Amino acid sequence: MCQIVGLNVCMSGSAMSCEECLIIHPSCAWCAQEKFGSVRTLTSRCDLRQNLQKRGCEAHHMESPSSSTTVVKSEPLSSKGSGPTQYDVIQIMPQKISLSLRPGDQTSFKVQVRQVEDYPVDLYYLMDLSLSMKDDLDTIRNLGTKLADEMRKLTSNFRLGFGSFVDKNMSPFSYTAHKYQDNPCNGYKLFPSCVPSFGFRHLLSLTDKVDRFNEEVQKQMVSRNRDAPEGGFDAILQAAVCKERIGWRKEAFHLLVFATDDVPHLALDGKLGGLVQPHDGECHMNEKNEYSGSTKMDYPSLALLGEKLAANNIYLIFAVTKRLYVIYKNFTALIPGTTVEILDQDSKNIIQLIVNAYNNIRSKVELTVWDQPEDLSLSFTATCQDGQPLPGLRKCADLKIGDTVSFNVSVDARGCPAPGTQQSFTIKPVGFKDRLEVSVDYRCDCGCTNQTQANSTHCSSIGQYTCGICRCDPGYLGARCECQEGEAGSMYLSACRQAEGMQICGGRGECSCNQCFCYESEFGKIYGTFCECDDFSCARHKGILCSGHGECHCGECKCHAGYIGDNCNCSTDTSSCVTDDGQICSGRGSCACGRCQCTEPGAFGDTCEKCPTCPDACGTKRECIECRLFSSGRLSDNQTCQRLCKDEIITVETLKTDDPNAVLCLYKTENECVMKFTYSEHANGMSVLTALKEPECGAAPDAMTVLLAVVGSILLVGIVLLAIWKLVITVHDRREFARFQSARSRARYEMASNPLYKQPISNDYVETDFSMYSKSYNGAAH
């Protein structure tokens, strides 16, 4: 039984009787118990079953019928079609069921379908004999024998029939002038002779003597009509409904092959010839086996055609030329049980076409519903060969002969018909004679009405007692018909007002016999001397009265132990704020009303345990890295580690540090190595640690390398210092030489240019001595 969510619709419906209660919703029940409800409350007897039980209604006094399904006939499915048991072949199970429906209460049942092997086949070949089909007629003159040979590979019981059509023999559809009456091809050079046009002509009833089919075909001649469309739909309908003339067997698979090279006339086309009478869907065959209503009624509609084909279990195969394929394909969507195949221009492929169409039809099972009552809704769920339920589908395809498929059918009644109404409908697979008959009765009456007491003492002997309530005679009122209508004067109503000027019973009850009888509300209980109190007008939290942690008493929440506040939403329990290591809110916040309020910037989570930007974030996660990856550190105990470290840890060879939302953490291990990892919080609330598989450790230096490096450094420094000293000396010498050259130049100038200078006169001794001094000076200078 379906359940209701939200408001109590049973009480909001204001049901005044058991029958009115049952129709509100399938979850509603009526309590017929005599003593039920409070003394001073207008108790609703229509409520949810569980509510009635809580209020003291005994189960055997409740009226709450439910829908049910009873299988009346269910014979097992057959596996073979032909043979001595062919008349007892069963392809659908069950065959009869009975439904007992309460409005709105859905029930369901299962249907199984199996197409049996070697099932008898009746095939009626309906051919267009207009002039354009002459080459096709020549091709099929020996069709019967060849087709029978192919079909006997599929079934051992095959019969074949034949019929033909052209169009209505009247203007403007055919040539009606006097010279064309006997030969509509008169004057036509290509085919100077042909038979008069006709609507439909039945030529051969279904028979297993296929030679007769060849004989009849060889007798046929083509005809000629005026317009392009043909009257084929007239012929299809007559072939479907004239069962005795055609010879359709009840226990056979019915195939009607419709071969044409042009489009058909549809309903209302007959008005062009003055035919205003719609087709009546009946058989109109005269003693010559010709359609006698051809010039009296309009062409049949697609709906009528589909109805008659389905009623007589006939599969229609459109064998049409390629240019017409799309048009007839659209017809198949409107006519159940039809398929379309492409016919060669000369019908050479007709045998393979029929075999392919037969195999295609036999690979599908589709259910149809007949005579469905308007107040019933049906839904289907198909379970085909893959075993997967397909809601909303009533068809299975790609089946093999012998496969069993099932359908779950749900039925729901939308209302109650007139009392005593019995209805039925039929479910049958398209093209099958087998069917499931479903009878329906409605559970809209209450059993307690059978115990109605007239002039009952329960009703002060002036009313009718039925289903726990009194129906008072005219002029009386009250729960027990104890008051007369005239007693409800103003002097009696004042006793039902809390103060002068206030509403009677606070507007939430009725004053009867000088006292308030409070209404029942779908929201809860109304009570008090003047109906001034209730148990639903208190403060709420997130739509829940008193947060679900208290009771509402006359507009005030009375909180349960462990909760405080106007709406009882604040818990005094701090256990939900304690982390696994015993801290309150991870030391990053305070516990208020049973929830952590994080005060540390960047902290979040139920216990403020997540905080990538906190100073201690890396230190906290380091302990988890140590215990989870290396079984070391303060949390190395396995149980402690598993309890405190629940974050996801991903190990990598190379750590990427370009994620802006991740915090890079480093720490030095006991071996003086460096361990690196990143810490981030994903949008789904999970903490993710990405760490190196192993810490990064530097290698010990080589002694020879160090020695060579030191010696090399010393030599390099010495060479650099020597080069610097050489550079300083060179610069100094060049400066001194430049100073000497300058002094010498000045000396020469003084000797050559001084007018006061006079060469001294000297003797040999003096000259010799001066020469020696001069050489000595020059040598020193150089």
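The values are calculated or read from the model by the stated rules, or taken from the named source; none is laboratory data. What you see is a predicted model, and the numbers here were worked out from it, not measured in a lab. Methodologically, a virtual Cβ is constructed for each residue, glycine included, from the backbone with ideal geometry; neighbour enumeration extends over all protein chains shown. In case anyone asks, the SASA skips ligands and DNA or RNA and just uses the protein heavy atoms, side chains included. Shrake-Rupley method; radii C 1.70, N 1.55, O 1.52, S 1.80 Å.
Hey, could you check the stretch 440-460 for residues that are part of a strand (DSSP E or B) and open to solvent by 30 Å² or more (accessible area, probe 1.4 Å) and say which is farthest from Cys416 (Cα to Cα)? First the steps, then the outcome.
From the stretch 440-460, those part of a strand (DSSP E or B) are 440-442, 453; that's our starting set.
Next, only the ones that are open to solvent by 30 Å² or more (accessible area, probe 1.4 Å) stay: 441-442, 453.
Working: Asp441: 10, Tyr442: 7, Gln453: 25 Å.
Looking at the filtered set, the residue picked out is Gln453.
If Ile327 passes every condition in (1) touching an Asp or Glu at 6+ places or on another chain (Cβ under 9 Å); (2) of a type outside the set (Phe, Trp, Tyr); (3) in contact (Cβ under 8 Å) with a residue 24 or more places away in the chain but one, which one does it miss?
Only one criterion is unmet by Ile327, namely (1).
Search the stretch 137-182 for residues being part of a loop (DSSP other than H, G, I, E, B) and small (Gly, Ala, Ser), and hand back the single one that is nearest to Gly231 (Cα to Cα). It would help to see each step written out before you state the result.
Here is the first cut: in the stretch 137-182, the residues part of a loop (DSSP other than H, G, I, E, B) are 152-157, 166-177, 181-182.
Within this subset, residues satisfying the condition of being small (Gly, Ala, Ser) are 156, 171, 174, 177.
On the way: Ser156: 34, Ser171: 13, Ser174: 11, Ala177: 20 Å.
Out of the qualifying residues, it is Ser174.
Can you tell me which residue is surrounded by the most Cβ atoms within 10 Å (Cβ to Cβ) among those in the stretch 610-628 that are in a loop (DSSP other than H, G, I, E, B) and without any contact (Cβ under 8 Å) to a residue 40 or more places away in the chain? Give the steps one after another, and end with the answer.
Taking the stretch 610-628 as the starting set, the residues that turn out to be in a loop (DSSP other than H, G, I, E, B) are 611-616.
Then keep just the ones that are without any contact (Cβ under 8 Å) to a residue 40 or more places away in the chain; that gives 611, 614-616.
Numbers: Cys611: 23, Cys614: 19, Pro615: 8, Asp616: 13.
For the stretch 610-628, the residue satisfying everything is Cys611.
Restricting the stretch 326-355 to residues that are open to solvent by 70 Å² or more (accessible area, probe 1.4 Å) and of a type outside the set (A, V, I, L, M), which is farthest from Leu436 (Cα to Cα)?
So, considering only residues that are open to solvent by 70 Å² or more (accessible area, probe 1.4 Å) and of a type outside the set (A, V, I, L, M), the one farthest from Leu436 (Cα to Cα) is Gln345.
Considering only residues that are surrounded by fewer than 18 Cβ atoms within 10 Å (Cβ to Cβ) and over 27 Å from the mean Cα position of the chain (by Cα), look in the stretch 356-370 and name the one that is nearest to Ala259 (Cα to Cα).
For the stretch 356-370, the residue satisfying everything is Asn356.
Restricting to the stretch 553-572, name every residue that is farther than 14 Å from Gly594 by Cα and either without any contact (Cβ under 8 Å) to a residue 24 or more places away in the chain or crowded, with 18+ Cβ neighbours inside 10 Å (or both). Quick ask: steps written out before the conclusion?
If we filter the stretch 553-572 for residues that are farther than 14 Å from Gly594 by Cα, which is where we start, we get 553-560, 566-567.
The answer is His553, Gly555, Glu556, Cys557, Lys558, Cys559, His560, Asn567.
Residues Pro264, Pro300: which one is touching a helix residue (DSSP H, G or I) at 6+ places or on another chain (Cβ under 7 Å), surrounded by 15 or more Cβ atoms within 10 Å (Cβ to Cβ) and more than 18 Å from Val340 (Cα to Cα)? Even if it seems obvious, please write down each step before you answer.
Details: Pro264 fails: more than 18 Å from Val340 (Cα to Cα).
Just a single option satisfies the conditions, and that option is Pro300.
So, in the stretch 638-691, how many residues would count as being touching a strand residue (DSSP E or B) at 6+ places or on another chain (Cβ under 9 Å), charged (D, E, K, R) and more than 21 Å from Ala603 (Cβ to Cβ)?
Of the residues in that region, 4 qualify.
Scan (1) in a loop (DSSP other than H, G, I, E, B); (2) open to solvent by less than 60 Å² (accessible area, probe 1.4 Å) for the single condition Glu600 breaks and write down its number.
Status for Glu600: all satisfied but (2).
Out of the residues in the stretch 142-192 that are basic (Lys, Arg) and within 49 Å of the chain's Cα centre (by Cα), which is most open to solvent (accessible area, probe 1.4 Å)? Explain how you work it out, then say what you get.
Here is the first cut: in the stretch 142-192, the residues basic (Lys, Arg) are 146, 152-153, 159, 168, 179, 189.
With within 49 Å of the chain's Cα centre (by Cα) added as a condition, the list becomes 152-153, 159.
Numbers: Arg152: 109, Lys153: 149, Arg159: 48 Å².
Going through the qualifying residues, I end up with Lys153.
Give me the pairs, please: first residue somewhere in the stretch 541-552 and modelled with pLDDT under 85, second residue anywhere and part of a loop (DSSP other than H, G, I, E, B) and among the charged types (D, E, K, R), beta-carbon distance under 9 Å, and either six or more positions apart or on two chains.
If the second residue must be part of a loop (DSSP other than H, G, I, E, B) and among the charged types (D, E, K, R), the pairs left are Glu551/Asp535.
Being surrounded by 16 or more Cβ atoms within 10 Å (Cβ to Cβ), within 48 Å of the chain's Cα centre (by Cα) and either at positive phi or not in a helix (DSSP H, G or I) (or both) is the filter here, so list the residues in the stretch 629-654 that pass it.
Cys645, Asp647, Ile649
Exactly one condition in (1) modelled with pLDDT of 75 or more; (2) open to solvent by 70 Å² or more (accessible area, probe 1.4 Å); (3) not in a loop (DSSP other than H, G, I, E, B) is false for Ser590; which is it?
(2)
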